[in-house]
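One structure is given here, and the rest of the page talks about it.
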Amino acid sequence: MATADFKTELYQLKSILHNFAYKLTKNQEESKDLYQETAYRALMNEDKFRVGTNLKAWLFTIMRNIFINNYRKKIKQNTILDSTDNDYYINSGSNAVLNDANSSILMKELYAMIDALDDSTRVPFLMHYYGYKYQEIADQLDLPLGTVKSRIFFARKELKAKIAINYEGALRSA
């Protein structure tokens, strides 16, 4: 394919490529950048395009691969690698001191709240807490899967309400 023909076909697909870029990025500026990068790579690799194949599909593949590579780069940039011995020092400006007494009291209060739940919601909630999957809980309790999910949801909702009531005053004074 002659370079002029290739550029003409690329230009004709401009709006379709812009739409696809926007669909991938959900951002107008990022979609423009993605389109430009795709057009640049297509022009630089024009010799790799086989005449008689689908140019649109080839360009979409290039665009999708660029998007995926950029996404992976962003994810790696946001990853924090910690080489310290203790992971809890991350983002700590000073030495961290754990207060086991307070955390023990809070856990005891939380377990008391869980024990106060009705058996129909407490048992599925605790099983889920201990790592059982929804289907395993449903099979073991001989309940439908939706019922198990609902009961766990209601247990969480009730616990959130109890925590809000018990600690509302403590949060205001803090």
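The values are calculated or read from the model by the stated rules, or taken from the named source; none is laboratory data. This structure is a prediction, so every number in the text was calculated from the model and none was measured. Virtual Cβ from ideal backbone geometry, glycine too; neighbours counted across all protein chains shown.
Taken together, the criteria place S31 among residues that are closer than 16 Å to N65 by Cα, part of a helix (DSSP H, G or I) and not β-branched (V, I, T). Among the residues of region 35-53, not one is among the polar types (S, T, N, Q), in a helix (DSSP H, G or I) and over 23 Å from Y22 (Cβ atoms).
Determine whether region 129-148 contains at least one residue that is at pLDDT 85 or above, at positive phi and among the small types (G, A, S). Yes, region 129-148 contains at least one residue that is at pLDDT 85 or above, at positive phi and among the small types (G, A, S).
Residues of region 109-142 that are surrounded by 11 or more Cβ atoms within 10 Å (Cβ to Cβ), part of a loop (DSSP other than H, G, I, E, B) and hydroxyl-bearing (S, T, Y): Y132 alone. Consider region 21-41. How many of its residues are closer than 15 Å to L59 by Cβ, in contact (Cβ under 8 Å) with a residue 12 or more places away in the chain and either polar (S, T, N, Q) or in contact with a helix residue (DSSP H, G or I) (Cβ under 6 Å, 6 or more places away or on another chain) (or both)? Counting residues in region 21-41 that are closer than 15 Å to L59 by Cβ, in contact (Cβ under 8 Å) with a residue 12 or more places away in the chain and either polar (S, T, N, Q) or in contact with a helix residue (DSSP H, G or I) (Cβ under 6 Å, 6 or more places away or on another chain) (or both) gives 8. Could you tell me which residue of region 1-21 is surrounded by the most Cβ atoms within 10 Å (Cβ to Cβ), considering only residues that are assigned to a helix (DSSP H, G or I) and in contact with a Lys or Arg (Cβ under 9 Å, 6 or more places away or on another chain)? If we take residues in region 1-21 being assigned to a helix (DSSP H, G or I) and in contact with a Lys or Arg (Cβ under 9 Å, 6 or more places away or on another chain), then A21 is surrounded by the most Cβ atoms within 10 Å (Cβ to Cβ).
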